[in-house]
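Okay, so here's the structure we're looking at.
Just so it is clear, none of the values below were taken in a lab; they were calculated from the coordinates. Here the structure is a predicted model, which means the values were calculated and not measured. Glycine also receives a Cβ, built like all others from the backbone with ideal geometry; neighbour counts cover every protein chain displayed.
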Amino acid sequence: MALTIYANTGSQDSALGSFGVEFTEINVDNDEIIFSAGSDVVKDGEPIPSDSDLNQAGVFLDGTEQIVDKYFLADVSDDELKEIHLMGNQNKRYVLAFDFDAATATEPVFEAWDDSDLDTVTSTTLGSGTPSSSFYRGVTTTDALPGADWTGKRLAGSSDNHFLYLNNENGPLTGAATLYANLKLIYPATLTSGVSDNIVFVVKYATN
């Protein structure tokens, strides 16, 4: 069986495959999700920016909690930033799509880790080893909208309550299905200096 992951890079909050909806397939080996305040060069349709450009477009820390409002897919095959317009602190459902072409033996889960070894969560944005302090929030939207100013779960590793059950804890998939989630990044008021992490998001599941 196969899993294909998509980001909604349009403005219409409708399911994968709906007429007029613009989903872009994510190349899980090369593409990245960028969290940013945006700028003249870090915006939809621009070439993938340099590290210097990304630093210049970072979120300004002013001693208050900052909810990041710009999210981009760095589409390496097109060398282009594609804004994920519906991602973040919005009551939007069809943002990240996880398209399974067959049944699974376990329920798919969505996790965040330091790197592809999938064994540590020591990055600053993952809570510096304390999952309950992670900056990343996630919410499963497979069955419903998340609600305005949704809380979600703090994502960090595989410890209880710090990952997403993509099928809303309804168990393994019984056939082909598309599951959905939304993400946001919140910098706490206590963060006083800039940080740049390259964490890994992963979907885990077993096959029959």
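As a length-normalised measure over Cα pairs under 8 Å and 6 or more apart, the relative contact order of region 3-204 settles at 24 percent. Ranked for footprinting exposure by Cβ neighbours inside 10 Å, fewest first, THR151, THR140 give THR151, THR140.
Estimated purely from DSSP H runs of n ≥ 4, each contributing -39500 (n - 2.57), the mean residue ellipticity at 222 nm for the chain is -500 deg cm²/dmol once divided by its residues. Annotation: the residues PHE72, PHE23, sorted from fewest to most other C-beta atoms within 10 Å of their own C-beta, follow the order PHE23, PHE72. Paramagnetic label reach from ALA102 (point 7 Å along Cα→Cβ; backbone nitrogen cut-off under 17 Å): within region 158-191, residues 172-178.
From least to most packed, judged by other beta carbons within 10 angstrom and beginning with the fewest, LYS184, LYS153, LYS43 follow the order LYS43, LYS153, LYS184.
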